[in-house]
Structures are given as structure tokens and as C-alpha cells.
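The values are calculated or read from the model by the stated rules, or taken from the named source; none is laboratory data. Just so it is clear, the structure is predicted and the values come from calculations on it, not from any experiment. Heads up, the Cβs are rebuilt from the backbone with ideal geometry, glycines too, and the neighbour counts pull from every protein chain shown. For accessibility, only protein heavy atoms count, side chains too; no ligands or nucleic acids. Shrake-Rupley method; radii C 1.70, N 1.55, O 1.52, S 1.80 Å.
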Amino acid sequence: MLNFIQVLFDAAALGSLYALVALAIGLVFGIMRLINFAQGDYLTIGAYALVVPTASVTPPLLFGALPWPLMVAGVLATCIIVALLTERIAFRPLRNANPATLLISSFAVSYFIQHALMLVHTGRPKSIAMGSSLAQAIDIFGVRIPGVQLVTMTVTVSLLIGFVILLKKTAIGIQMRAAAENFQMARLLGVRANKVIAFGFALSGFLAGIVSLLLVAQTGTLDIKMGIMPVIFAFFATVIGGMGSLAGAALGGFLVGVTSVLLQAYLPPDLRAFRDAGVFALVILVLLVRPKGLIPSSASRERV
Amino acid sequence: MLAQDGGLHARDVHVAFGGLKALKGVDLKLRQGEVLGLIGPNGAGKTTMVNVLTGFQAATTGDVTLDGRSLKGLGPRNVARAGVARSFQAARLFRDLTVRQNLEVAAIGSGRKRKEARAKADALLDWIGCADKAAMLAGSLPYGDERRVGIARALALSPKFVLLDEPASGMNDQECDELMLLIAGIPDKFACGVLLIEHNMQVVMGACRRVHVLDNGKSLAEGTPAEMRANDEVRRAYLGSKNTGSQVI
Amino acid sequence: MVLRLLKQAWPVLGLLLPLAVIVLLADQFGSISVERSVTEALIKIVTVVGLYIFIGNSGVVSFGHVSFMAIAAYATAWQTCCSALKPITMSGLPDFLRSHTYPVLPAGISAAILASIAAFVFGLILMRLSGIAASISTLAALFILNVVYSNWDKVTMGTASIVGLPTYVTPWLAFAVAGLAMVIAYLFQISSWGLALRATREDEVAARASGISVYWMRLAAFTLSGLVMGMAGVLHAHFLGTISVDTFFLSLTFITLTMLVVGGMRSLSGAVLGVVVISFVTDILRRMESGVSVSGQEIAIPAGSQEVVLAVVMLLVLIFRRDGLTKGREFAWPFARRQSISETKHGDA
Ligand SMILES: Nc1ncnc2c1ncn2[C@@H]1O[C@H](COP(=O)(O)OP(=O)(O)OP(=O)(O)O)[C@@H](O)[C@H]1O
Ligand SMILES: [Mg+2]
């Protein structure tokens with residue numbers, strides 16, 4: 001029983017992490033029909049901003065050496081700037097392209113960032129000593145929960161609430177939702193495309209920064225490919241959640257994370273290595289049953 | 001097959017999009033060998049009706065039969081192969097294929113061999129007067145040609161019934177006249193019934209013997225074009241809407 | 001009559017002739033390393049033509065195709081490699097594979113067929129989806145196969161490399177297979193099915209209304225492209241003599257997609273031209289990475305620049321020439337009185 005509760009906590013923590021990444025992908029998809037592969041690389045860059053670019057496996061700290069509020073600010077700013085840059089340089093000229101072209105272009109951006117990072121930091125994984133106080137487990141009624149997990153869940157839940165308020169109550173948030181529903185119509189009604197899209201990317205950069213900090217705090221390692229798995233899972237999350245639906249994205253992210261942890265815990269040991277294959281197969285299955293996702297957005301239907 | 005129920009027949013069709021009721025119990029019967037006009041103000045539900053008849057939109061309730069056989073659950077492709085073809089309000093040509101290939105595709109879709117498909121395509125291109133444009137990319141056609149190719153593509157399926165959704169929109173007067181003659185000739189030439197949706201009454205008057213008026217998702221009236229002109233209700237439906245005055249009724 | 005045939009076959013012949021000249025030159029005068037580069041490029045042509053058959057004609061981007069390469073590469077490895085070690089390192093293989101070695105030709109053919117069967121089976125499910133959902137699902141398929149092959153230790157040796165495959169692939173053999181792939185692709189694209197599939201690419205709704213089954217057309221192309229990907233996988237395996245599952249993953253997916261996009265993904269000429277151009281660029285960069293002497297001075301660009309440049313090229317093409325170098329057209333018959341481009345498009349003769 002205690003074990004089960006522990007598994008649930010693991011599941012919730014991973015699920016909420018994926019929900020954040022999925023939310024970022026869903027936001028950008030909503031406003032410009034772009035599935036952004038590079039979302040994972042924003043977070044990789046954010047993580048690498050903690051250290052000085054060297055070939056060393058235990059590099060000296062850069063932002064990581066600052067007091068923590070400054071460190072967080074530094075990482076977030078880095079991710080936001082990178083996200084905005086990719087939007088301006090790569091995605092804006094392609095704004096009217098079809099979704100397939102956009103998808104390929106974000107694949108290219110992702111490939112670019114990964115290899116550019118590799119040029120400065122080398123491809124070897126690095127370890128970084130950070131957040132050791134967070135790594136300590138806290139004992140709640142006999143269940144030992146790592147501090148990082150608690151932080152992750154707290155941060156995610158508050159962010160999700162923050163997002164709901166932002167999207168429902170603020171002017172820019174309402175404009176973003178309008179744009180996600182029907183971009184052409186929103187433009188006619190005076191929503192400024194550049195501003196809304198840039199804001200969407202800034203938010204996705206912000207989320208990437210948060211996720212990168214949480215990930216590094218959990219694992220203490222840096223890896224050029226550290227963004228890939230989260231972004232892939234988040235991809236699947238947005239698709240099964242319902243493209244263009246933000247609630248769907250968050251829900252999908254949560255489900256994918258939870259499923260992954262549950263499979264890890266309860267698959268027979270020989271099959272555990274195949275866990276991810278199970279999750280991905282599940283994605284295809286969900287799509288077969290509900291091709292438009294769990295919470296379809298009204299914009300996803302084509303009129304004849 | 002019930003002999004007395006030949007034709008394409010929609011009975012008591014309802015369609016709702018969420019809360020919006022686009023069709024509220026429409027009966028429509030299209031007979032072999034006739035051109036039936038389907039008119040009504042913008043948003044009346046004409047396109048929705050075509051979608052129901054061609055399997056693009058499932059009716060919430062109600063049924064569509066072709067020569068007595070129900071088309072329920074068939075889906076667009078199988079409806080097309082069963083003999084109900086359509087054109088689209090926005091031509092929807094295969095832009096990066098040549099004009100001839102556009103028609104070939106439909107002929108292939110109806111189950112023809114490649115050679116026959118090509119012959120069928122060429123015959124239809126002759127008929128619409130676009131033989132010289134056979135090798136052009138459909139995406140580079142001028143507007144009027146685009147609409148006619150759309151009609152020819154539907155006919156390339158050798159259908160029993162063809163449904164044309166505003167084929168004359170955006171055409172000038174001369175083009176409209178030519179189009180009217182073409183459409184009026186379809187039943188004899190292709191042994192095929194026609195449902196013609198059109199805002200341009202000139203075209204409707206010229207091509208149809210019978211007109212069905214739809215308003216706000218309901219059948220308003222049916223009769224000859226002249227009767228419809230004289231019908232007060234029909235007038236009111238049109239005047240009440242924001243439709244541009246002169247060319248409509 | 002002969003002329004007509006020649007004209008009809010031109011989109012393939014016009015590509016094969018220059019390639020033949022390159023192979024001939026490399027074979028006669030090139031160093032070993034040039035010869036290897038050329039062979040590699042020819043194998044890439046098979047791969048990208050395989051991608052093109054599906055992506056180009058259907059307009060659905062697939063990220064999963066290199067999985068079918070992997071399936072064929074492993075299948076041929078199981079049949080041909082390392083008879084002494086096999087029972088130990090791959091103990092999970094069924095007996096007919098574990099304790100027998102087969103000639104390379106039937107092994108290669110059966111491996112490619114296995115790849116196309118796998119494509120068919122995956123396609124049965126994936127082709128039910130369309131647009132972005134389909135693309136994402138092919139990505140899921142890529143990951144599924146990668147996870148399975150990386151962990152199925154007793155059969156695939158996990159992430160370790162299988163070594164000791166017979167290396168029989170010469171430039172001319174690669175050329176012949178590339179030619180075969182191109183002929184397959186071309187015959188498909190001018191067939192009724194190919195035409196119907198391109199119609200679905202242009203407008204799925206109108207294609208349905210024209211009686212076309214989007215599902216079956218896509219499935220046919222998916223299966224056929226699986227076959228050609230399988231051919232590429234077999235060549236790849238027997239060119240290098242070693243395979244490992246991670247070669248058939250995101251990187252290869254990216255490079256081959258880049259080639260297709262840069263050349264122009266809507267024509268066979270585009271697929272081939274893209275491979276030639278990108279192979280040439282990467283080969284030069286690779287040589288620069290390992291150092292070249294410019295007026296007596298040894299200069300090398302940092303390792304990894306290759307990929308960065310590749311990504312930039314891809315983006316530039318997407319932004320400034322979205323339809324690729326060929327703009328989706330086939331090479332026109334060069335000896336005709338001026339013929340409109342559209343006339344020769346997709347061999348509509
Ligand atoms: N897929 C859909 N989802 C929601 N509402 C729809 C959909 N298709 C049509 N409608 C609505 O149904 C009503 C009828 O539309 P329809 O297109 O059938 O009208 P129409 O008579 O063809 O008009 P027009 O002359 O402008 O073409 C309209 O109010 C339209 O907004
Ligand atoms: Mg309409």
C-alpha cells in the first residue's frame with residue numbers, strides 16, 4: 001500500500017513535468033499550427049546555461065553559481081530569448097506554410113540547436129552539483145518523497161493555475177485563446193499576430209526554463225539529448241490530448257507521465273525495458289479510437 | 001430495388017452542429033433526368049444538405065436513399081461510387097495535377113481502367129471546352145475554367161446524380177449563360193439527374209424546371225421557378241436576409 | 001516509337017545517366033575514399049527514394065521510415081553473418097536462423113520483403129490517421145521499434161553492434177539498386193494508384209468525393225516504400241559490414257528528410273538531386289573537419305560543424321525555396337521544341 005502511494009507520487013511528479021512541456025507545445029501549436037520539436041532543446045539550452053562552456057565533464061558553474069533567485073532568472077531569460085530568436089529567425093518566415101513544412105522546420109531547428117550546443121559543450125554528458133538540499137527525501141506518514149518531487153508538483157500546480165488565470169483574465173491571454181480557436185478571425189478582430197505569437201513563444205521558453213531547472217535538480221546531469229524524451233512524450237501528449245486544446249495538452253501530458261511510471265512499476269521485470277514502447281503503442285491506440293484527441297478543439301474540424 | 005422509389009431521396013433530414021440546427025426536417029427528392037434547383041439565402045443549409053446527400057455529413061435523424069437503397073453510413077467515397085457525385089462551393093481542384101489528371105482521378109475512382117479513364121477525361125474536357133488546357137496545372141486555371149473543371153470532375157465518375165454547389169459563383173454574365181446551357185444539357189447527355197444550388201436566378205431559371213427553396217434549415221416551398229418568384233414567403237425569406245438584392249429573385 | 005518510350009522513361013533515364021558517369025569516374029579514377037563516398041550516396045538515394053514514394057506522393061511526412069531499414073538490416077544480418085558467434089550472441093533466434101547461414105541474395109531479398117510486410121502491418125494502423133496525427137504516429141512507430149530492437153538482447157544484441165556481415169556492396173551494385181528503386185518509384189507515381197494518391201495529397205476531401213480510398217492508396221504507398229527502405233537497409237548493412245540499432249534513428253531520419261526537402265519532395269528528381277547535393281556538401285564538410293591543407297597550413301573546422309551547416313541549409317531551403325531545388329517538377333525532356341513544364345510533369349504523356 002505504502003509502495004503504491006509512493007508510485008502514485010512518482011507518477012504525479014513525472015506527469016506534471018510532462019504536462020508543462022505539453023502545455024508549451026500546445027500553446028505554440030494553437031497559435032500557429034506548429035508542433036515545435038525545438039521545445040526540448042530550449043530546455044537543454046537552459047540547463048547548459050548553468051555551466052561554463054568547456055570540454056570538462058564536471059564543468060565550473062555559470063548561472064549555477066549565482067544565488068538561486070538570480071540563477072532561476074538567468075535560466076528563464078536564456079530560454080525565453082532562445083525561444084524568441086527561433087521564432088523570429090526560423091518560424092516567422094514560414095508562418096503561412098502548411099503544418100508538415102512547419103514540423104520539418106522545427107525538426108531542423110532542433111537539430112541545429114543540439115549540434116551547436118555540442119560544438120561548445122562537447123557531446124559528453126556532464127554532472128553538476130546542485131540543489132542537493134532538494135534531493136533529500138521528506139517523510140510523510142511513512143512515505144518517503146524526494147523534495148524535488150514535492151517542488152515539482154507544487155511548481156506545476158501553481159503554474160497551471162497561473163496559466164488558467166492568465167488565459168482567462170488578462171487581455172493578452174484572451175487574445176491568445178481567440179487566436180488558438182480561429183487565427184484568421186482573431187486577426188480580423190484586431191489581434192496583432194506578431195505580438196500574440198511572440199508572447200506564445202516567450203511563454204513556451206519560460207516553461208522550458210522551469211522544466212530544465214526541475215530536471216537538473218532531479219538528475220544532476222546535463223546531456224545534449226536531455227530534451228528529446230520529454231519533448232517526444234509531450235508531443236504524444238498534445239496529440240492524444242487534442243491538438244490545439246490547452247486543457248487537453250496538460251491532461252495528455254499528465255496521463256502519459258502517469259502511464260509511464262505505472263508501467264515501470266507494474267510490468268513484469270523482463271518487459272520493463274520495453275516500457276516506452278508500451279507508452280508509444282498506447283498513443284497510437286488512443287489516436288485510433290479518438291483521432292482528434294481526448295478533448296478536441298473546435299478549430300480542428302475541417303468544413304467541407 | 002423498389003421501382004416506385006427511384007431517384008435520390010432524402011426524408012426528414014435533421015442536422016445539428018452542437019446547438020445550431022442547420023437542417024430541421026428537410027424532404028428532397030431528385031429524379032432521374034431532371035435538373036432540380038436548390039435555392040435559399042446564405043446559411044439556409046444548402047451545402048449542409050449536399051453534404052448529407054454525399055455522405056460527408058451524417059444526418060442526426062432522417063435517411064437518404066438512392067433508388068430505394070439506403071446510403072446510411074456509407075461515407076463519401078462509397079456514396080460517390082454508388083453514383084452520387086458532387087462539386088464543391090470552393091472548387092477544390094487537385095491544384096498540382098494537370099486538368100486532365102483531375103478528371104482521370106475521378107474516373108479511376110469510379111472503377112475505370114486507366115485507358116478508359118483517360119478517354120473519359122478527354123471527352124469531358126471537350127464538352128466543357130477546355131481540351132486545350134488539358135495539360136495545364138489545375139492550380140493555374142482562371143476562375144471560370146476552374147468551376148467548369150470541377151463540374152466535369154464530378155461527371156467523370158459517371159454518376160446517376162450530380163450535385164453542383166454554386167457552380168456559377170464569381171462568373172460573369174456571358175460565362176453564366178454558357179454554364180447554364182451546359183448544366184441544362186447534363187441529363188440528356190449523361191443520363192444523370194442534377195441538383196443545382198445557385199444564387200444566380202438567371203441560371204436557375206434557365207436550367208431548372210423545378211426549384212426547391214430552403215430557408216433556415218427548413219423546406220419553404222417547391223415548384224416552378226416562376227411560382228417561386230410569385231411566392232410571398234420565398235420573397236420574404238430573401239428580403240429578410242442580407243443577400244444582395246438585384247441578382248437574386 | 002523508340003523515341004516515345006525514351007521520352008516516357010526520361011525522368012528516370014535523365015537521372016540515371018549522370019549518376020552512371022559519376023560512378024564510372026569514381027570507379028576508374030577515384031581514390032578508395034571517393035569510391036566509398038559515392039557508394040554511400042547511392043545507398044542514400046535508395047533510402048530517400050523510398051521516403052519519396054510515400055511522403056512525396058501522399059504529402060504525409062513520415063518520421064518512421066528508417067525503422068524499416070533497420071528491420072531489413074537486422075533480417076539480413078541474422079541470415080548471413082557470423083555463423084560461429086550467432087548461437088551465443090543471438091541465442092534467441094529461431095533455429096533456422098541460429099544454426100544456418102544463407103546466401104546473400106535470397107537473404108537480401110527476403111529481408112527487403114520482411115521490411116515491406118512490417119510497413120504493411122504498421123500501415124494498417126497508422127494510415128487510419130491523417131495529417132499531423134499521422135506524422136506523430138510514425139514518430140511513435142520509430143520509437144517503438146527503437147525501444148524493441150535496443151532491448152531485445154537475445155535476438156538483436158541490444159544496442160551493441162552486430163559485426164561481421166559480408167561486405168559485397170560495390171559502387172556498381174549500389175548503382176543498380178538505386179536504379180531499381182527509381183524505376184519502382186516512377187512506375188508507381190505514373191500508375192493509377194500513384195495518381196490517386198497524389199490527388200489525396202492535393203485535397204483529401206475532393207479525393208474522397210472522387211471515389212478514391214485515401215486509406216488504401218496510402219497503405220499501398222507505405223508498403224511499397226517499406227520495400228525500398230528495406231532494400232536500402234540491406235545495402236547499408238552489407239556496405240558497412242556492421243549494424244547497430246541507433247544508426248537507424250533520429251539522425252538518419254533527419255538527414256534523409258533534409259535531402260528530400262532540399263531536392264523537392266514532390267518529384268523523383270527532387271529526391272535524387274537532394275541526395276546528390278547534400279551528400280556533396282557533407283562530404284566536403286567532413287573532409288574539412290578532418291583537416292585540409294590550405295597553402296601549406298593545416299586547417300580544420302570543428303567536428304560537428306557538418307550537422308550545424310546541414311540544419312542551416314535545410315532551414316534556408318524551407319524559407320526561401322519551399323518546394324525544393326526542383327520545385328516538385330521532373331526533369332523535362334531536353335530535346336523537345338519548347339514544351340510547357342506541366343506537360344512532362346509526372347510523365348503525363
Ligand atoms: N461543420 C459545421 N460546423 C458548424 N456549423 C456549421 C458547419 N457547417 C455549416 N454550419 C452552419 O450551418 C448553417 C448552414 O450552413 P450551409 O453552409 O449549409 O449554408 P448554405 O445554404 O450553403 O449557405 P451559403 O449560401 O452561404 O453557401 C450555417 O449557419 C453554418 O454556419
Ligand atoms: Mg453553401
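By the gyration tensor of its Cα atoms, with a ≥ b ≥ c the square roots of the eigenvalues, what is the shape of chain B: rounded for a/c under 1.5, prolate for a/b over b/c, or oblate? Judged from the Cα gyration tensor, chain B comes out oblate (a/c at least 1.5, b/c at or above a/b).
Within the listed set A:248, A:220, A:205, the residue fluctuating most in the Gaussian network model of chain A (springs between alpha-carbon atoms under 10 angstrom) is A:220. Rounded to the nearest 500, the helix-only mean residue ellipticity at 222 nm of chain C stands at -23000 deg cm²/dmol, with each DSSP H run of n ≥ 4 adding -39,500 (n - 2.57). Taken as Cα centroids, the stretch A:192-222 and the stretch B:148-197 sit 55 Å apart, rounded to the nearest whole angstrom. Computed on the Cα atoms alone, the convex hull of the stretch A:16-226 gives a volume of 122 cubic angstrom per residue.
Counting protein heavy atoms only and a 1.4 angstrom probe, how many square angstrom of accessible surface do chains A and C bury in total, to the nearest 100? Please list the in-between numbers first.
On the way: alone 14730 and 16440 Å², together 27600 Å².
For chain A against chain C, roughly 3600 Å² becomes buried.
If you filter the stretch C:95-182 for trypsin sites (Lys or Arg not before Pro), then keep DSSP loop positions with at most 14 other Cβ within 10 Å, what is left?
When the trypsin sites (Lys or Arg not before Pro) of the stretch C:95-182 are filtered for loop state and at most 14 Cβ neighbours within 10 Å, nothing remains.
When the helices of chain A are scored as -39500 (n - 2.57) per DSSP H run of n ≥ 4 and the total is divided over every residue, the value at 222 nm lands at -22500 deg cm²/dmol. Scanning residues 5 or more positions from residue C:331 or on other chains, those with amide H under 5 Å from its amide H are C:269, with H placed 1.01 Å from N in the peptide plane.
Just to confirm, what accessible area per residue do you get for the stretch B:93-159 at 1.4 Å probe, in whole Å²? Don't jump to the answer; show the numbers that get you there.
Values: 2210 Å² over 67 residues.
Using a 1.4 Å probe on heavy atoms only, each residue of the stretch B:93-159 averages 33 Å².
Given a 1.4 Å probe and the protein chains as shown, residue C:113 ends up with an accessible area of around 80 Å². Considering only B:111, B:19, B:43, the Gaussian network model of chain B with Cα springs below 10 Å gives its largest mean-square fluctuation to B:19. Each residue of the stretch A:16-23 was assigned a 3J(HN,Hα) from its phi angle through the Karplus curve 6.51 cos²θ - 1.76 cosθ + 1.60 (θ = phi - 60°); the sequence is 6, 4, 5, 4, 5, 5, 5, 4 Hz, with glycine and proline shown as x. Restricting attention to chain A, lysine pairs at least eight places apart or on different chains and with alpha-carbon atoms under 28 angstrom apart total 5. In a GNM of chain A with a 10 Å cut-off on Cα contacts, which of A:107, A:274, A:163 has the highest mean-square fluctuation? Result: A:274 has the largest fluctuation of those listed. The heavy atoms of residue A:168 present about 110 square angstrom of accessible area, all protein chains included, probe 1.4 Å.
Evaluating 6.51 cos²θ - 1.76 cosθ + 1.60 at θ = phi - 60° for every residue in the stretch B:83-95, the Karplus couplings come out as x, 10, 10, 8, 10, 10, 4, 9, 2, 6, 6, 7, 4 Hz, glycine and proline recorded as x. Looking at the protein assembly as shown alone, DSSP beta bridges between its own residues are antiparallel in about 65 percent of cases.
For residue A:50, the accessible area of its heavy atoms, probed at 1.4 Å with every protein chain present, is near 0 square angstrom. Distant-in-sequence amide contacts of residue C:158, defined by a placed amide H-H separation under 5 Å and a gap of 5 or more residues or a different chain, comprise C:152, C:153. Taking a ≥ b ≥ c as the square roots of the Cα gyration tensor eigenvalues, the protein assembly as shown comes out oblate, since a/c reaches at least 1.5 and a/b does not exceed b/c.
Amide H contacts for residue A:137 (H built 1.01 Å from N in the peptide plane; partners 5 or more residues away or on another chain; cut-off under 5 Å): A:147.
Kindly identify the stretch C:2-348 as rounded, prolate or oblate by the Cα gyration tensor criterion: order the square roots of the eigenvalues as a ≥ b ≥ c, call it rounded if a/c is under 1.5, otherwise compare a/b with b/c, prolate if a/b is larger, else oblate. Before the final figure, lay out each step's value.
Numbers: a/c = 1.55, a/b = 1.15, b/c = 1.35.
Because a/c hits 1.5 or more and a/b fails to exceed b/c, the stretch C:2-348 counts as oblate.
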